[in-house]
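**Q** Here it is, the structure, as structure tokens.
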Amino acid sequence: MKKFLAVILCLVGLCAAAAAVYLSTQFMDANPILLTPPDEAKNRVVAMMDAVCEGDYAEASQSIFGTPSLGVDREAGSDVGIIIWEAFQESMSYELVGECYTTEQGLAQDVTFTCLDITSVTEQLRDRSQVMLEQRVAEAENVSEIYDDNNEYREDFVMDVLYDAATDALKENTREMTVELTVRLSYQDGSWWVVADEALLDAISGGILY
């Protein structure tokens with residue numbers, strides 16, 4: 001009886017070993033299954049996206065591996081740039097999609113990001129400002145407010161026209177865009193960090209980084 005049990009246990013052991021070898025060879029290229037998503041990774045994504053939507057890119061950088069300067073803290077070159085950028089910041093929102101999942105590099109979290117499509121403002125700005133400029137020239141009572149000593153348009157006059165054209169465009173021609181992002185995370189130095197790729201940086205900056 002003891003020998004019989006020994007044989008049975010031996011066969012069970014061999015079957016288990018064979019099954020393990022089979023499974024390891026069949027699924028050796030598959031990503032590991034994440035049984036319990038680490039809250040730290042998800043919280044890192046939330047912290048970064050919250051900071052972005054609040055316009056605090058310095059804080060957002062603290063969640064990205066290497067804490068890079070995102071370059072969006074530069075002052076805009078004109079009032080036109082300022083109002084377009086402010087409109088972009090005010091338009092941003094996001095939602096997490098599902099839970100974190102494993103990848104070959106670490107973890108990933110899908111995010112739906114919604115924001116102002118800046119091109120919806122800029123693509124019509126030239127034509128709109130040209131029409132507005134011609135109208136103001138035709139209605140002007142004092143040409144010195146329009147032309148300089150070289151009989152060219154004054155810079156402040158042109159910038160005022162551009163500003164008003166941009167303001168009108170923001171009121172009448174804006175559209176939003178929604179981007180599906182995959183935020184990747186890597187475990188470094190005892191913590192989960194966002195690994196910023198071009199798609200992520202392009203989305204959260206309105207494309208001004210590229």
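The values are calculated or read from the model by the stated rules, or taken from the named source; none is laboratory data. These numbers come from a predicted model, not from an experiment. Note that each Cβ is placed from the backbone with ideal geometry, even for glycine, and that neighbours are counted across all protein chains shown. Just so you know, the surface numbers come from the protein's heavy atoms only, side chains and all, with ligands and any DNA or RNA stripped out. Shrake-Rupley method; radii C 1.70, N 1.55, O 1.52, S 1.80 Å.
**Q** Identify, from the list 180, 198, the residue that is closer than 22 Å to residue 43 by Cα, touching a residue at least 60 places away in the same chain (Cβ under 8 Å), open to solvent by 50 Å² or more (accessible area, probe 1.4 Å) and not aliphatic (A, V, I, L, M).
**A** Going through 180, 198 in turn, just one is closer than 22 Å to residue 43 by Cα, touching a residue at least 60 places away in the same chain (Cβ under 8 Å), open to solvent by 50 Å² or more (accessible area, probe 1.4 Å) and not aliphatic (A, V, I, L, M): 180.
**Q** So for the stretch 105-116 (the condition being surrounded by fewer than 15 Cβ atoms within 10 Å (Cβ to Cβ) and part of a helix (DSSP H, G or I)), does at least one residue qualify?
**A** no
This table checks each residue for (1) in a helix (DSSP H, G or I); (2) closer than 21 Å to residue 105 by Cβ; (3) at pLDDT 50 or above; (4) among the charged types (D, E, K, R).
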{"site": "13", "(1), (2), (3), (4)": "yes, no, no, no"}
{"site": "17", "(1), (2), (3), (4)": "yes, no, no, no"}
{"site": "21", "(1), (2), (3), (4)": "yes, no, no, no"}
{"site": "42", "(1), (2), (3), (4)": "yes, yes, yes, yes"}
{"site": "45", "(1), (2), (3), (4)": "yes, yes, yes, no"}
{"site": "49", "(1), (2), (3), (4)": "yes, yes, yes, no"}
{"site": "55", "(1), (2), (3), (4)": "no, no, yes, no"}
{"site": "68", "(1), (2), (3), (4)": "no, yes, yes, no"}
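**Q** Name, by its number, the condition in (1) surrounded by fewer than 17 Cβ atoms within 10 Å (Cβ to Cβ); (2) within 16 Å of residue 183 (Cβ to Cβ); (3) in contact (Cβ under 8 Å) with a residue 12 or more places away in the chain that does not hold for residue 78.
**A** (2)
**Q** Next up: Answer yes or no: is there a residue in the stretch 92-104 that is among the aliphatic types (A, V, I, L, M), modelled with pLDDT of 95 or more, part of a strand (DSSP E or B) and open to solvent by less than 50 Å² (accessible area, probe 1.4 Å).
**A** Within the stretch 92-104, none of the residues are among the aliphatic types (A, V, I, L, M), modelled with pLDDT of 95 or more, part of a strand (DSSP E or B) and open to solvent by less than 50 Å² (accessible area, probe 1.4 Å).
**Q** Restricted to the stretch 120-169, and to residues that are within 29 Å of the chain's Cα centre (by Cα) and among the hydroxyl-bearing types (Ser, Thr, Tyr), which residue is least open to solvent (accessible area, probe 1.4 Å)?
**A** 120
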